[in-house]
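Trainee: My structure is below; once you've seen it, I'll send some questions.
Each value in this text was obtained by applying a stated rule to the coordinates, not by laboratory testing. Since the model is a prediction, treat every value here as computed from it, not as a measurement. Note that each Cβ is placed from the backbone with ideal geometry, even for glycine, and that neighbours are counted across all protein chains shown.
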Amino acid sequence: MVQASSVEIRKVNKFYGPFQALKDIDLSVPPGKVTCLIGPSGSGKSTLLRCINFLEEYDSGEVRIDDQLIGYEVPGGRKMPARKLREMRRSIGMVFQQFNLWPHMTAQENVAEGLIRVRGLPRAEAADRAVEALRKVGLGDKMANHPARLSGGQQQRVAIARAIAMEPQLMLFDEPTSALDPELVGEVLNVMKTLAGEGMTMVVVTHEMGFAAHVADQVAFMEAGELVAVDAPARILHQPEDPRIQGFLRTYHERNAF
Amino acid sequence: MFSIETFFDSFGPLFWAARYTLLVSGLGIALGLVIGALICAAGLSRWTAAQRFAAIWVSFLRGVPLLVQLLLMYYLLPVIGINVPAIAAAVITVGICASAYISEIWRGAIGALPKGQSEAAIAIGMDPRNVWTRIILPQAVVLSLPALVNELILLVKASSLVSVVGILEVTRASQAHAATTFRPLEVYLAAACIYLLINLCLAGLGRYLEHRTAV
């Protein structure tokens, strides 16, 4: 079992100039649970996710990881020192839609890099842990490959290995399967399911309703920068009360029907 | 009548003069890489004064012909009390001029990297120094290689301009040789061959480097 963090989001607002991307968002992510963020594109799901590790700077409100405010010294106050922010990010893993593997490094080097440069591990130990992490995502035989020599699904699994090798207490997934060919989605979702089964706290922005239905402990629906509803997956996906969710799911089912 | 003999005889003195062509362009690019890196860093810094300085540096050096820059430098240095040989003034001018183009090449290469590359590093808590030295620069340098080789080839050709400050490089040597042999066609053809030879070698080197650094 991993040490799992909780996330508390309170009254978070985010503006891009006059455009309000996040409107008074409240969300609790309990430790060891999987929370899926769903909703139409442009609804603010990714922005909210990126506020959790402060890759996106929220303008007001609070985001707390295990009660520790991230990004600011006090709510509405000065930014926290860069060193302190880096320290908090060490225990928050993130997986991106475009994988963002470093193309000039092998799979093993991609995973070991953070262990060496951020955790300060000796090279040999970092290499061993990288192998271990790659085995865990089923890529023990691809260690020496550069990203260009891996399929999309394999690249995304390396990216997950890169994150979990840092031994995070919270994992953020930003549409991890959206850039993948349909036949490669399953292998990535399986790795994520395993991780969820080990008790990792996960926040997942996704369009995979099957994953949300079967793996999530709670599903949050967002639209136009607002968090419309948070509830058990079945309540959101099967008996939605809000017409906005009904509309979204209708479009989703129509697109996937053939 | 075309004199094959004069054509071949020209190579001796011209090859000898080519050492200045290589010296000016070689040292020029080396100096250009160093200053170009500093200017690029200034342009990307958070400091407005540094940004402004880099912008002025680049627009002045790209906007004024190298020939005029050479003449300016040649006559300016003694005025401000610096007496250096013409060859030093030439190398410095060529290097400074190249730095403007090289800083733009690097700025372009850095800008061409997807934002996700550094974000992935920042997300695991990497500090800015490592983000630059481990993630951004190794990729940007590789991306910039073709443009840098191109710049070096341009410099080899531009080095013919330093003849105006009295340096006996290939072009100036061929003018002198043409005047003594009364065979301009043969001599200049030989000069063209020498430039071509140097630049074909550089292009080959460029392809080799690109191939070696390809991922």
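Trainee: What share of all Cα pairs of the stretch B:2-128, in percent, falls into each consecutive 5 Å distance bin?
Mentor: Final binned percentages: 2, 10, 13, 15, 15, 12, 10, 7, 6, 5, 3, 1, 1, 0, 0.
Trainee: What is the mean number of Cβ atoms from other protein chains located within 10 Å of the Cβ atom of each residue in peptide A:96-102, rounded to a whole number?
Mentor: Details: counts 5, 1, 6, 2, 10, 3, 10.
Average neighbour count from other chains, rounded to a whole number: 5.
Trainee: Also, I was wondering about something else. For B:Cys193, B:Cys40, what's the fewest-to-most ordering of other Cβ within 10 Å of each Cβ?
Mentor: Details: B:Cys193 14, B:Cys40 23.
By the 10 Å Cβ count, ascending, the order reads B:Cys193, B:Cys40.
Trainee: Further, regarding this structure: Using only alpha-carbon positions, what ratio does the radius of gyration of the stretch B:60-154 give when scaled by 2.2 N^0.38 Å? Mind dumping the intermediate values first?
Mentor: Details: Rg = 18.5 Å, N = 95, 2.2 N^0.38 = 12.4 Å.
The value comes to 1.49.
Trainee: Any idea how far apart B:Ala41 and B:Asn150 come out in nm if each label point goes 7 Å out from Cα toward Cβ?
Mentor: Result: 2.6 nm between the two label points.
Trainee: For helix B:66-79, what angle does its Cα long axis make with the longest principal axis of chain B, in degrees from 0 to 90 and rounded to 10?
Mentor: Helix B:66-79 sits at roughly 90 degrees to that axis.
Trainee: Given the convex hull of the Cα atoms of the stretch B:116-174, what is a quarter of its surface area in nm²?
Mentor: Numbers: hull surface 23.2 nm².
Mean projected area for the stretch B:116-174: 5.8 nm², to one decimal.
Trainee: Another one. Assuming a viscosity of 0.692 mPa s and a temperature of 37 °C, what translational diffusion coefficient in µm² per second does Stokes-Einstein assign to the stretch B:157-215, Rh being the Kirkwood radius over Cα pairs? Can you show the working numbers first?
Mentor: On the way: Rh = 13.1 Å.
It comes out at roughly 251 µm²/s.
Trainee: Give me the Kirkwood hydrodynamic radius of the protein assembly as shown in Å, from all C-alpha pairs, to one decimal place?
Mentor: Working: mean 1/r = 0.0380 Å⁻¹.
About 26.3 Å, per the Kirkwood formula over Cα pairs.
Trainee: How large is the direction-averaged shadow of the alpha-carbon convex hull of the stretch A:1-115, in nm²? If you can, show how the numbers build up before the last one.
Mentor: Details: hull surface 35.4 nm².
Mean orientational projected area (the stretch A:1-115, Cα hull): 8.8 nm².
Trainee: Hey, what angle do you get for helix B:184-213 against the long axis of chain B, alpha-carbon based, 0 to 90 degrees rounded to 10?
Mentor: With rounding to tens, the tilt is 20 degrees.
Trainee: Specify the residue with the greatest mean-square fluctuation among B:Val58, B:Val156, B:Val79, computed from a Gaussian network of chain B linking alpha-carbon atoms under 10 Å apart.
Mentor: B:Val79
Trainee: Also, quick follow-up: Hey, could you grab the Kirkwood Rh for the stretch A:103-167? Inverse mean 1/r over distinct alpha carbon pairs, Å, one decimal. It would help to have the intermediate numbers written out before the result.
Mentor: Working: mean 1/r = 0.0897 Å⁻¹.
Hydrodynamic radius (Kirkwood, Cα only) of the stretch A:103-167 equals 11.1 Å.
Trainee: Ranking A:Val204, A:Val215, A:Val188 by Cβ neighbours within 10 Å, fewest first, what do you get? Numbers along the way, then the final one.
Mentor: Working: A:Val204 28, A:Val215 20, A:Val188 25.
Neighbour counts put them in this order, fewest first: A:Val215, A:Val188, A:Val204.
Trainee: Would you mind ranking B:Thr133, B:Thr21, A:Thr206 by Cβ crowding within 10 Å, fewest neighbours first? Before the final figure, lay out each step's value.
Mentor: Details: B:Thr133 11, B:Thr21 28, A:Thr206 23.
Fewest to most other Cβ atoms nearby, the residues stand as B:Thr133, A:Thr206, B:Thr21.
Trainee: Tell me the label-point distance for the pair A:Ala234, B:Leu71, using the 7 Å Cα-to-Cβ offset, in nm and rounded to one decimal.
Mentor: Those two pseudo-labels are separated by 8.8 nm.
Trainee: Right, something else. Using a Gaussian network model of chain A whose springs link C-alpha atoms within less than 10 Å, name the residue from A:Arg244, A:Arg83, A:Arg162 with the highest mean-square fluctuation.
Mentor: Taking springs between Cα atoms under 10 Å, the residue moving most is A:Arg83.
Trainee: Using a 7 Å offset from the Cα along the Cα-to-Cβ direction at both B:Phe11 and A:Gln68, what is the distance between the two label points in nm, to one decimal?
Mentor: In this crude label model, B:Phe11 to A:Gln68 measures out at 7.1 nm.
Trainee: Sticking with this one: Quickly rank B:113-120, B:170-177 as a protection proxy: mean count of other C-beta atoms within 10 Å, highest first.
Mentor: Numbers: B:113-120: 17.4, B:170-177: 21.5.
The packing order, highest mean first, is B:170-177, B:113-120.
Trainee: Here is a further query. Rounded to the nearest whole Å³, what is the per residue volume of the convex hull around the Cα atoms of chain A? Don't jump to the answer; show the numbers that get you there.
Mentor: Details: hull volume 33.4 nm³, N = 258.
Per-residue hull volume (Cα only) is 130 Å³.
Trainee: Could you identify which residue out of B:Val34, B:Val64, B:Val24 has the top mean-square fluctuation in a GNM of chain B using Cα springs shorter than 10 Å?
Mentor: Maximum among the listed residues: B:Val64.
Trainee: Could you give the radius of gyration (one decimal) and Dmax (whole number) of the Cα atoms in the stretch B:4-213, in Å?
Mentor: Cα only, the stretch B:4-213: 20.4, 71 Å (Rg, Dmax).
Trainee: State the percent of C-alpha pairs, over all pairs in the stretch A:167-215, separated by a distance greater than 11 angstrom.
Mentor: On the way: 820 of 1176 pairs.
That tail contains 70 percent of the Cα-Cα pairs.
Trainee: Just to confirm my numbers, what's the Cα centroid distance between the stretch B:1-66 and the stretch A:82-146 in Å?
Mentor: 41
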